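The values are calculated or read from the model by the stated rules, or taken from the named source; none is laboratory data. For clarity, every value in this text was computed on a predicted model and none was experimentally measured. Note: ideal-geometry Cβ built from the backbone for every residue, glycine included; neighbour counts use all protein chains shown.
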Amino acid sequence: TMLGVVTTDASVDSDVWRKMVKVAVNRSFNQITVDGDTSTNDTVIALASGLSRSSRLSSVDCNEAKQLQACLDAVMQGLAKSIAWDGEGATCLIEVRVTGANSEAEAAKIARSVASSSLVKAAVYGRDPNWGRIAAAAGYAGVSFYQNKLRILLGDSLLMDGGQPLPFDRAVAGNYLRKAGETRGTVIIDISVGDGPGSGQAWGCDLSYDYVKINAEYTT
Amino acid sequence: VTSSLKEASNYIPAAPIFLPEGPWKQIPGGVTAAEGFKAAGIYAGVRAKGEKPDLALVLCDVDAAAAGAFTTNVVAAAPVVYCKKMLDSSKTARAVLINAGQANAATGDAGYQDVVDCANTVAMLLKVRSEEVLIESTGVIGQRIKKDALLNSLPKLVNSLSSSTEGADCAAVAITTTDLVSKSVAVESQVGGTYIRVGGMAKGSGMIHPNMA
């Protein structure tokens, strides 16, 4: 289960605040995954006191609302990434960034598909730069894109471009994964699926033996 | 509060926070960083094992514009059903009570009544309307909350409320379950030339694939 409470002293109309919170949740908590199980209790409550003496926001389209939205996104993303980093049994955070999709929603869907793939997560734990599993998880996300536009980077290692697998230094890519695991660091997977304006991110963690151990012992 | 924080930090450390870059500055405080908010976290004897803090409260001094996002799992826990109902009828809220230990999910009508009883007692102690008290629960699915222990601890919890960073940190620890770290962050930035603050806390480690609406 994930729970969250977010507070601000910005002054904002209730209807506007609800729209902003929905957008921020979709860009943060709804883009994390640890084990693919959706809880019965997931909740985020967001409260705005209005005590900062800022002018009251009554529209989501004004510049001030965009500034507050950016702050809200940042706080929720910071918290969401900490949850993924702290995933049961995890040794590292996985950040999947997708660009070139037709929309933010499509990019986000592809990113989450890759972040939630058990095979990708297990490969990261095995320190295996397995571009095939990343490509496959992008492909079954339910978003149409041209396979010959697929580009995959693991850290600084370009593994696939124009839909073609590339020769790469396996030791360098493997060490990148190993170092992230040893330092509880972050593995970054960059994926491009075309030339569209849509970009999105998702966050997950690697899948270790400990995940099974923890949940075999935590009874319902 | 200070002794509570020492106690709380003995259980789990704070998480590294991966804030995106932007025109904001990270500041201490979590949920209490913004003007008008107090928080507390104490051990209430709700958990099945151990004595890590397990009950948290966040209070706003004024009626706050309130928004919620909730699991779309059809089998929604009693506090989820309760909060959705409250936010359907009210645009504002004053307090959020959170327990760790039992999820109060799949507990039927009795579990829902537990939520109502908790909200009513918090409202009475805080002298606010019951509809303005929201509830979150986390822990083992299928178990009702240990209501007697929870209700008996509420006066101490209310008396522990503080606008300090320590209050926010205690609350962030008290909502954790299998988490290895507590999650709390706050930022300050300008909106239309005025400084505003946004802060938050979260918990989560397993059963994580949110799809909230």
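The number of residues in the range B:123-177 that are hydroxyl-bearing (S, T, Y) and either away from chain A (no Cβ under 12 Å) or assigned to a helix (DSSP H, G or I) (or both) comes to 6. The residues in the range B:137-156 that are more than 17 Å from A:L3 (Cβ to Cβ) and under 15 Å from the mean Cα position of the chain (by Cα) can be counted, and the count is 1. Taking the criterion of being within 13 Å of chain A (Cβ to nearest Cβ) and either of a type in the set (D, E) or buried (at least 23 other Cβ atoms within 10 Å of the Cβ) (or both), the residues of the range B:26-51 that qualify are B:G29, B:G30, B:V31, B:T32, B:A33, B:A34, B:E35, B:F37, B:A39, B:A40, B:G41. What tally of residues in the range A:31-90 results from selecting those that are on the phi < 0 side of the Ramachandran plot, surrounded by fewer than 24 Cβ atoms within 10 Å (Cβ to Cβ) and of a type in the set (D, E, K, R)? Looking only at that region, the number is 7. Can you name the condition, by its number, that B:S89 falls short on among (1) within 13 Å of chain A (Cβ to nearest Cβ); (2) under 23 Å from A:T1 (Cα atoms); (3) at pLDDT 95 or above? Failing condition for B:S89: (2).
Scan the range A:74-91 and tell me whether some residue there is more than 12 Å from chain B (Cβ to nearest Cβ) and closer than 30 Å to B:D88 by Cα. Looking through the range A:74-91, none of the residues is more than 12 Å from chain B (Cβ to nearest Cβ) and closer than 30 Å to B:D88 by Cα.
Outside any helix (DSSP H, G or I), more than 7 Å from every other protein chain (Cβ to nearest Cβ) and closer than 14 Å to B:A33 by Cβ, is that true of B:S189?
The answer is no for B:S189.
Residue check: A:M76 meets all listed conditions (1) without any contact (Cβ under 8 Å) to a residue 24 or more places away in the chain; (2) under 13 Å from the mean Cα position of the chain (by Cα) but one, namely (1). Reported count of residues in the range A:15-27, each being in contact (Cβ under 8 Å) with a residue 12 or more places away in the chain, over 19 Å from the mean Cα position of the chain (by Cα) and surrounded by fewer than 19 Cβ atoms within 10 Å (Cβ to Cβ), is 1. Contact annotation: residue pairs with Cβ atoms under 8 Å, 6 or more positions apart or on different chains, pairing a residue in the range B:176-196 that is over 30 Å from A:Y211 (Cα atoms) with a partner that is modelled with pLDDT of 95 or more and aromatic (F, W, Y), are B:V187/B:W24; B:E188/B:W24; B:E188/B:Y195; B:S189/B:W24; B:S189/B:Y195. Are there any pairs, at least 6 apart or on different chains, whose C-beta atoms fall under 8 Å, with the first in the range B:43-54 and of a type in the set (D, E) and the second in a loop (DSSP other than H, G, I, E, B) and surrounded by 15 or more Cβ atoms within 10 Å (Cβ to Cβ), and if so, which? Within 8 Å, the pairs are B:E51/B:Y43; B:D54/B:Y43; B:D54/B:A44; B:D54/B:G45; B:D54/B:V46; B:D54/B:R47.
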